[in-house]
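The values are calculated or read from the model by the stated rules, or taken from the named source; none is laboratory data. Owing to the predicted nature of the structure, the values given are computational and were not obtained by experimental measurement. Cβ atoms come from the backbone with ideal geometry, glycine included; neighbour counts cover every protein chain shown. Surface accessibility is based on the protein's heavy atoms, side chains included, excluding ligands, DNA and RNA. Shrake-Rupley method; radii C 1.70, N 1.55, O 1.52, S 1.80 Å.
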Amino acid sequence: MQPTLQKCTKKEINTLRQISIETYYDTFASMNTVETMQAYLEIVFSKDELEQELDAKNSYLCF
């Protein structure tokens, strides 16, 4: 079976946010403080920020 990619839409923003936070946390938590991680995740992966990225002309977010 071939893996497939699907473009993310705004109605899937919560799923995108969850996957993004989990992936980033799993990758970088050991290199940062809890406070630093929490602050970064709240800013970079906020719904508003992700919606702006989805709206960007040259952005194509998939999962």
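Based on Cβ point charges of +1 for Lys and Arg and -1 for Asp and Glu, what charge dipole magnitude is obtained for the chain about its Cα centre, in debye rounded to the nearest 20?
On the way: 6 positive and 10 negative charges, 64 e Å.
With Lys and Arg at +1 and Asp and Glu at -1, about 300 debye.
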Problem set entry | the chain: relative contact order in percent, alpha carbon pairs under 8 Å with at least 6 residues between | 56
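What whole-number value in Å² describes the accessible area per residue of the chain for a 1.4 Å probe? List each step's numbers first, then the result.
Working: 5130 Å² over 63 residues.
With all protein chains present, the chain gives 81 Å² per residue.
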Exercise. What figure in square angstrom, to the nearest 10, would you give for the accessible area of Ile19 with a 1.4 Å probe?
Worked result: 70
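Run through segment 8-63 and list the trypsin sites (Lys or Arg not before Pro) located in a DSSP loop whose Cβ has at most 12 other Cβ atoms within 10 Å. Intermediate values should be presented prior to the final figure.
Details: sites: Lys10, Lys11, Arg17, Lys47, Lys57; in loops: Lys57.
Those satisfying the criteria are Lys57.
Taking N as the number of residues in the chain, what is its Cα Rg relative to 2.2 N^0.38 Å? Could the numbers behind the result be given before it?
Working: Rg = 13.1 Å, N = 63, 2.2 N^0.38 = 10.6 Å.
After normalising by residue count via 2.2 N^0.38 Å, the value is 1.24.
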